[in-house]
Amino acid sequence: MITIQSGKLCIPDIDRFVGFAGDDSVMTKQLVLLNRTSNRCTYSLCLRFDNDSVCTVPLTASVEGDDTVLSWEVRAEQLLQTGIVTAQLKTVDSDGSIAHSTKDFFIVGSSAELDDDGSEMEYVTPSQMRNSINQALETITATAPYIGDDGYWYIYDPEQGAYKKTEYTAGGTAPDSAMSDTSVNAVGNRYIKQYVDVSCADKVSKSTTVAGYPLTGNISVSNLAAAVQGDLYRTDVRPGFTPGTTGQMGIGSNGEVFFCTATNVWVRLTDYLYAESKMDLIAEVDAEDVEYLDDGSMYLQNGGVFIRFDGGDVELMKTDDAYSKAQIDAMIGNVEALLAQV
């Protein structure tokens with residue numbers, strides 16, 4: 001049973017088949033609108049076929065208990081194409097409001113006498129085939145090029161609906177110089193060249209190269225990398241002398257790394273060894289964390305500088321904490337001179 005409840009259309013697999021193309025008034029499908037008994041609405045089934053054609057089928061409605069039963073008598077003119085048919089119920093209330101259900105699908109089977117679009121298949125007899133071929137040949141012959149009495153080729157101009165004289169003679173005395181000079185069909189040469197010029201104007205020229213390699217050849221990855229290597233980075237870079245392009249990387253004679261920030265402007269990149277010598281590596285360490293430091297570690301604590309040695313803490317003396325020789329001489333005299341007198 002096909003049901004619609006709360007706007008959801010549900011078609012069981014057993015009810016999906018609605019007949020074969022050409023069937024007329026053979027099958028009737030019923031859609032039960034659950035828990036709805038309004039008799040002031042009009043109902044229609046919207047069908048969309050695989051070729052995007054759409055058919056709207058009016059449904060007859062009858063109330064049965066708490067439900068409304070909608071009937072669809074399947075007609076031949078409603079089956080526009082075989083295959084999958086998307087279906088959706090459309091409800092129009094008396095006040096003009098419109099509501100749609102969700103979508104589901106039916107299946108229309110094909111028949112031997114009809115095409116997929118539901119129209120009758122056309123059968124062509126051998127005589128009809130010969131007549132069609134002869135008619136095509138007559139059409140082609142009527143507009144084919146020909147040689148006039150003056151020895152020049154004449155071609156048909158479809159815009160003017162008449163033949164016009166070309167600049168080419170039947171003997172090929174004025175062939176297109178840009179085409180092969182061995183062809184006896186000068187008119188063919190001209191139009192072939194026009195076709196090539198127009199159709200292939202946006203194609204890559206055979207003379208076009210990539211990093212010096214022609215596109216007609218097989219460019220290997222290694223060859224392409226070697227060809228563009230000099231444009232990716234420079235070697236033996238000397239700032240102020242080596243040319244460079246913005247964004248290039250460079251390597252100095254001693255392994256230094258450079259970056260080109262502007263045309264011919266190289267800036268050396270700092271390595272970690274150079275940066276380490278410029279950084280303050282002494283950190284402030286709390287007393288309770290000192291025991292976790294390795295021997296040789298330097299640290300700050302309470303304004304003093306310490307070094308970890310044999311599991312202990314040795315405070316390093318700062319220049320402000322010691323007297324200079326000049327200060328000692330000022331206080332007690334020249335110690336060296338006094339010792340010399342002893």
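The values are calculated or read from the model by the stated rules, or taken from the named source; none is laboratory data. All of these numbers come straight from a predicted model, not from anything done at the bench. Neighbour counts are summed over all protein chains in view; Cβ atoms, including those assigned to glycine, are modelled from backbone coordinates with ideal geometry. Please note that ligands, DNA and RNA were not included when accessible areas were found on the heavy atoms of the full protein model with its side chains. Shrake-Rupley method; radii C 1.70, N 1.55, O 1.52, S 1.80 Å.
Figures for the structure shown
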quantity: Residues being aliphatic (A, V, I, L, M), within 38 Å of the chain's Cα centre (by Cα) and open to solvent by 60 Å² or more (accessible area, probe 1.4 Å) - total across the stretch 78-114; calculated: 2
quantity: Contacts under 9 angstrom Cβ, first residue in the stretch 1-25 being at positive phi, partner part of a loop (DSSP other than H, G, I, E, B) and among the polar types (S, T, N, Q), 6 or more apart; calculated: S6/N35; G22/S111
quantity: Count of the stretch 19-33 residues which are open to solvent by 30 Å² or more (accessible area, probe 1.4 Å) and among the hydrophobic types (A, V, I, L, M, F, W, C); calculated: 3
quantity: Count of residues meeting criterion [exposed (fewer than 15 other Cβ atoms within 10 Å of the Cβ) and at pLDDT 85 or above] in the stretch 214-246; calculated: 8
quantity: Contacts under 6 angstrom Cβ, first residue in the stretch 42-62 being within 17 Å of T102 (Cα to Cα) and in contact (Cβ under 8 Å) with a residue 24 or more places away in the chain, partner of a type in the set (A, V, I, L, M) and loosely packed, with under 12 Cβ neighbours inside 10 Å, 6 or more apart; calculated: R48/V54
quantity: Residue in the stretch 289-303 that is nearest to E315 (Cα to Cα), counting only those that are in a loop (DSSP other than H, G, I, E, B) and open to solvent by 80 Å² or more (accessible area, probe 1.4 Å); calculated: N302
quantity: Single match in R16, R75, R36, R48 (criterion: of a type in the set (K, R), open to solvent by 40 Å² or more (accessible area, probe 1.4 Å) and within 39 Å of the chain's Cα centre (by Cα)); calculated: R48
quantity: Those residues of the stretch 76-114 which are among the hydroxyl-bearing types (S, T, Y) and over 22 Å from V26 (Cα atoms), in sequence order; calculated: T91, S94, S97, S101, T102
quantity: Strands (runs of 3 or more DSSP E) enclosed by the stretch 1-111 - at least 2 residues per element that are touching a His at 6+ places or on another chain (Cβ under 7 Å); calculated: 83-92
